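J.: First the structure, then my questions, so here it is.
The values are calculated or read from the model by the stated rules, or taken from the named source; none is laboratory data. Worth saying up front: this structure is predicted, and the values here are computed from it rather than measured. Because the Cβ atoms are built from the backbone with ideal geometry, glycine has one as well, and the counts that use them run over all protein chains shown.
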Amino acid sequence: MTEHWYSQLLAEVRAQNESLELFSVTTSYLAKCLRAVTGIIAELHAHIDRHTFNDEEEEINFFKYVKPEFDGRAYFFTDLLKLEQSAPKKDQQAIEQYYRKRLDSTRSFLLHHQDDQLYLSLGFTYNDQTYFLRYPPTIQNDTLNFLLRDDRASLLPFLDKRYYTPWSYLYAQLVSATFLQEYLEHRLSSATPAGGQPLSPISWTGNKAELVELIYGLNEMGVLNGKKESISSLATFFGNIFQIDLSNIYKMYENNRLKKKSRTPFFDSIKLSLLRRYEYDDEFSK
């Protein structure tokens with residue numbers, strides 16, 4: 001087994017991850033990345049079949065440091081492809097909830113296995129023979145079911161035990177989860193599926209009637225693009241920014257217009273709040 005050859009293959013799979021730096025991906029592109037990575041893994045498996053490890057130390061090193069890097073990227077692209085295929089496309093609030101739920105579960109998985117991550121990062125070796133040498137399928141399945149304790153264990157009966165050890169599979173899942181966590185954090189801060197709008201870091205915490213009052217007021221002032229815009233376009237624009245459904249904006253406007261008391265309570269409140277701020281600053285600027 002040649003370490004240089006491993007490094008060449010790993011450089012190829014790393015290139016697939018680097019191409020996702022902008023996070024502007026499509027499902028067709030993700031499928032292409034997955035095919036490329038699985039093709040490289042197939043080459044690696046064929047190489048394993050043609051060669052034998054010189055000793056236990058070489059086998060441990062391979063399944064501890066090399067194999068999880070390859071498999072982890074394949075799992076990452078698989079998870080990411082499923083994630084984006086099932087993502088909501090229009091409702092910004094649903095989109096954010098969808099990604100945040102997956103981020104929470106990914107963080108939970110990584111937290112659950114933080115001791116296993118420390119075993120690798122701190123260079124421990126005391127359990128290497130148990131963790132990274134190939135054993136009969138019954139031992140591997142029982143061990144991994146105990147380790148994972150979630151749906152990731154469902155693949156165990158289908159894994160070819162020539163190419164996995166108890167912890168090489170676990171570490172591959174941790175590699176995948178680490179990449180996925182980074183992707184989801186970036187997605188939540190700056191992006192949505194193709195064709196969507198950015199997820200705003202600022203949320204509207206007033207009620208919808210107040211937002212509708214603001215939209216109509218700004219439009220009547222002609223301060224958006226220097227003219228009056230169509231209400232439907234403004235409803236879409238502000239709805240996307242604040243992740244709020246304003247499809248019933250005309251009905252809400254009518255409700256505002258037909259109020260018996262003040263028909264502009266939000267603007268009245270804005271005026272009073274701003275005047276109080278002026279008075280406060282006037283007092284402390286003397």
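J.: With the requirement that a residue be of a type in the set (A, V, I, L, M, F, W, C) and under 35 Å from the mean Cα position of the chain (by Cα), what does region 210-236 give you?
T.: Keep residues of region 210-236 that are of a type in the set (A, V, I, L, M, F, W, C), which gives 211-212, 214-215, 218, 221, 223-224, 231, 234-235.
Residues satisfying the conditions are LEU211, VAL212, LEU214, ILE215, LEU224, ILE231, LEU234, ALA235.
J.: OK, next. Among the listed residues TYR131, TYR135, TYR169, TYR99, identify the single one that is aromatic (Phe, Trp, Tyr) and modelled with pLDDT under 85.
T.: Details: TYR131 fails: modelled with pLDDT under 85; TYR169 fails: modelled with pLDDT under 85; TYR99 fails: modelled with pLDDT under 85.
Answer to the check: TYR135.
J.: Do you know which residues across region 79-90 are in a helix (DSSP H, G or I) and out of contact with any helix residue (DSSP H, G or I) (no Cβ under 7 Å at 6 or more places or on another chain)? Working first, answer last.
T.: Residues of region 79-90 that are in a helix (DSSP H, G or I), as a first pass: 79-85.
Within region 79-90, LYS82 is the sole residue that qualifies.
J.: Continuing with the same structure: I'd like the full set of residues that are farther than 19 Å from ALA235 by Cβ and aliphatic (A, V, I, L, M), limited to region 251-270.
T.: Across region 251-270, the qualifying residues are LEU258, ILE270.
J.: Say we look at region 52-83 and pick out the residues that are among the hydrophobic types (A, V, I, L, M, F, W, C) and in contact with an Asp or Glu (Cβ under 9 Å, 6 or more places away or on another chain); which of these is farthest from THR106 (Cα to Cα)? It would help to see each step written out before you state the result.
T.: The first filter runs over region 52-83 and keeps only residues among the hydrophobic types (A, V, I, L, M, F, W, C), leaving 53, 60, 62-63, 66, 70, 74, 76-77, 80-81, 83.
Cutting the leftovers down to in contact with an Asp or Glu (Cβ under 9 Å, 6 or more places away or on another chain) gives us 53, 60, 66.
Values: PHE53: 34, ILE60: 27, VAL66: 23 Å.
Restricting to residues being among the hydrophobic types (A, V, I, L, M, F, W, C) and in contact with an Asp or Glu (Cβ under 9 Å, 6 or more places away or on another chain), the top hit is PHE53.
J.: Restricting to region 227-286, count the residues that are without any contact (Cβ under 8 Å) to a residue 40 or more places away in the chain and not in a loop (DSSP other than H, G, I, E, B).
T.: Looking only at region 227-286, we keep the residues that are without any contact (Cβ under 8 Å) to a residue 40 or more places away in the chain, and these are 227-238, 246-251, 254, 257-263, 268-286.
Those still in the list that are not in a loop (DSSP other than H, G, I, E, B) too: 227, 231-238, 249-251, 254, 257, 268-284.
Going through region 227-286 one residue at a time, the tally reaches 31.
J.: Would you list the helices (runs of 4 or more DSSP H) that sit entirely within region 91-132 and hold 3 or more residues that are in contact with a Leu (Cβ under 6 Å, 6 or more places away or on another chain) and farther than 16 Å from PHE63 by Cβ? Quick ask: steps written out before the conclusion?
T.: Working: elements: 92-112, 114-121, 128-131.
Helices (runs of 4 or more DSSP H) meeting the threshold: 92-112.
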